[in-house]
Amino acid sequence: MRYHPHTEADVKRLLAAIGAPSLEALFSSIPESLKLKRALQLPEPIDERGLADYLGALAAKNRWQPPFLGAGAYPHHVPSAVDQLLLRSEFYTAYTPYQPELAQGTLQAIFEYQTFVCLLTGLEVSNASMYDGATACAEAALLGLRLKKDRRKVVLSRALHPSYRDVIHTYLVPGGAEIALVDYDPNTGRTDAAALAKAVDANTALVLVGSPNFFGVVEDVRQAADVAHQADALLAVATSEAVSFGLLASPGELGADIAVGELQSFGNGPTYGGPGVGFFATRDVFLRQLPGRLCGETVDIEGQRAFVLTLSTREQHIRRENATSNICTNNGLCALAATMHLAILGKGGLRELALLNYRRARYAREKLGKLRFSGPSFNEFVVAADAKAVERARAKGFVPGLPLDRHYPELAGTLLTCVTELHDKARIDALAEALR
């Protein structure tokens, strides 16, 4: 297999067409001091078969086992049918189609995705997906500010995913919005209820909490909704571990106005942290302010059920700087993978998967002990673990979790540990032994 697209003759013809004497002349604007004066130190070229053997030998050095690491990207089993169906060539696009007469299959898949998101979140309308959970959170904050035009404050729980908070800060602060952080209760790991009530005032447009939050603790969403609504503010709930929807009450049931987060747990592996598939759902009354693409159902000229992109006047290609969002596409392939996985599971299968995650995590909590927080959790929790214990576990091939002092200096000596259906009793027992 050839990996170079042009012959020397091709290159000469291209250079002649643009009037350049050589390839080097194309880079004449780069100062000489910045140019590499030697050849790249690369191994000798090999053919495709040799390359496959070489990469196989490298892969054989891996000692793989499912990591006990979540923190926003979760290791779950993906049914083989998902990856097989994604190989179909018509699915290989990240973009929502403008020509419905050519793309009914893709549009129907997006419509089914939106339906699943509404069922999971307990809300009435969903967009066609967003880049990831972090951008979905930032768009939720912008939505709150648009709906409450005379208010400039967004209240965030400090137990919200730190990366989500960083992206929100990037989106909001240049526009002059105020961000107020509310600390977590050091005992339960939940957002401090008294501090939240104090932070929410007449200038607050939106309150945003994570549930389960970054510590894996399930928040009291109903209480947060009451606090927000008493101040005529909106409540958004972010969920990064979407399998929890199979067991916990939905954000909509508990009073949330907006539900955002990450669906990577369905159909998409962690893959070193991405890509993800952000979801965004809200109430019908806010439909006109919804960011991103929206697929709707209609009928064609023959009266047959059909699907189209709808309410596009909200979007950037029409409204420019007055658009609801600068995101003009969706994570189509990842959203399709999540849709396939959810369809394979069904309602009963999702509940069984969630229960399996919860029960294995409960066993792990009991086996590991030394829990840092007392609040209720799903499949993620914080345990005490000193640096030497963590290194011992890593030496035995484990990824035991995320050391939290990177984001929370006061939680030095703790690990955020995740347990899913991939972690059986033997693996959990081995991790507990390694951390002793």
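On the stretch given as the range 257-279, residues that are within 21 Å of A354 (Cα to Cα) and in a strand (DSSP E or B) total 6.
Where helices (runs of 4 or more DSSP H) sit wholly within the range 317-436, those with at least 2 residues that are in contact with a strand residue (DSSP E or B) (Cβ under 7 Å, 6 or more places away or on another chain) and either open to solvent by 40 Å² or more (accessible area, probe 1.4 Å) or farther than 19 Å from F245 by Cβ (or both) occupy 332-368.
The residue list A306, A338 contains one member that is touching a helix residue (DSSP H, G or I) at 6+ places or on another chain (Cβ under 9 Å), aliphatic (A, V, I, L, M) and at pLDDT below 95, which is A306. Do we find a residue being surrounded by 10 or more Cβ atoms within 10 Å (Cβ to Cβ) and either over 30 Å from G278 (Cβ atoms) or more than 30 Å from the chain's Cα centre (by Cα) (or both) anywhere in the range 55-65? Checking the range 55-65: at least one residue is surrounded by 10 or more Cβ atoms within 10 Å (Cβ to Cβ) and either over 30 Å from G278 (Cβ atoms) or more than 30 Å from the chain's Cα centre (by Cα) (or both). Report yes if some residue within the range 32-47 is touching a Leu at 6+ places or on another chain (Cβ under 6 Å) and within 27 Å of Y272 (Cβ to Cβ); otherwise report no. No, the range 32-47 contains no residue that is touching a Leu at 6+ places or on another chain (Cβ under 6 Å) and within 27 Å of Y272 (Cβ to Cβ). Scanning the range 253-286 for residues that are out of contact with any helix residue (DSSP H, G or I) (no Cβ under 7 Å at 6 or more places or on another chain) and aromatic (F, W, Y) turns up just one, Y272. Of all the numbered requirements in (1) under 36 Å from the mean Cα position of the chain (by Cα); (2) modelled with pLDDT of 95 or more; (3) not aromatic (F, W, Y); (4) not in a loop (DSSP other than H, G, I, E, B), D83 misses one, and that requirement is (2). Residues of the range 11-27 that are surrounded by 10 or more Cβ atoms within 10 Å (Cβ to Cβ) and of a type in the set (G, A, S): A16, A20, S22, A25. Annotation: G105 fulfils all but one of (1) farther than 15 Å from L294 by Cβ; (2) in contact (Cβ under 8 Å) with a residue 12 or more places away in the chain; (3) part of a loop (DSSP other than H, G, I, E, B); the unmet one is (3).
Of the residues making up the range 177-198, just one is within 15 Å of Q230 (Cβ to Cβ) and open to solvent by less than 20 Å² (accessible area, probe 1.4 Å), namely L196. A71 meets all of the listed conditions (1) assigned to a loop (DSSP other than H, G, I, E, B); (2) at negative phi but one, namely (2).
Only a single item in (1) at pLDDT 90 or above; (2) open to solvent by less than 40 Å² (accessible area, probe 1.4 Å); (3) under 29 Å from E101 (Cα atoms); (4) not basic (K, R) is not met by Q289, and it is number (2). Scoring F307 on the criteria (1) farther than 30 Å from L356 by Cα; (2) assigned to a loop (DSSP other than H, G, I, E, B); (3) open to solvent by less than 10 Å² (accessible area, probe 1.4 Å) leaves a single failure, condition (2). Of the residues that make up the range 112-133, is at least one open to solvent by less than 50 Å² (accessible area, probe 1.4 Å), among the polar types (S, T, N, Q) and part of a helix (DSSP H, G or I)? Checked against the condition, which is being open to solvent by less than 50 Å² (accessible area, probe 1.4 Å), among the polar types (S, T, N, Q) and part of a helix (DSSP H, G or I), the range 112-133 yields at least one hit. When restricted to residues that are modelled with pLDDT of 95 or more and either of a type in the set (D, E) or assigned to a helix (DSSP H, G or I) (or both), the range 174-206 contains 12. Quick one: is D257 over 24 Å from G401 (Cβ atoms), free of Cβ contacts under 8 Å to residues at least 40 places away in the same chain and either open to solvent by 10 Å² or more (accessible area, probe 1.4 Å) or touching a His at 6+ places or on another chain (Cβ under 6 Å) (or both)? Spelling it out, D257 is indeed over 24 Å from G401 (Cβ atoms), free of Cβ contacts under 8 Å to residues at least 40 places away in the same chain and either open to solvent by 10 Å² or more (accessible area, probe 1.4 Å) or touching a His at 6+ places or on another chain (Cβ under 6 Å) (or both).
Put simply, of A236, A242, A224, A231 the only residue that is surrounded by 24 or more Cβ atoms within 10 Å (Cβ to Cβ), modelled with pLDDT of 95 or more, more than 19 Å from N127 (Cα to Cα) and among the aliphatic types (A, V, I, L, M) is A224.
Yes/no matrix, rows are residues, columns are (1) farther than 23 Å from Q104 by Cβ; (2) without any contact (Cβ under 8 Å) to a residue 60 or more places away in the chain:
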| residue | (1), (2) |
| --- | --- |
| P275 | yes, no |
| T282 | yes, no |
| V285 | yes, yes |
| G292 | no, no |
| E297 | no, no |
| L311 | no, yes |
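The values are calculated or read from the model by the stated rules, or taken from the named source; none is laboratory data. Worth saying up front: this structure is predicted, and the values here are computed from it rather than measured. Reconstructed Cβ throughout: ideal geometry from the backbone, glycine too, with neighbour counts over all protein chains shown. Just the protein is used for accessible areas: all its heavy atoms, side chains included, with ligands, DNA and RNA removed. Shrake-Rupley method; radii C 1.70, N 1.55, O 1.52, S 1.80 Å.
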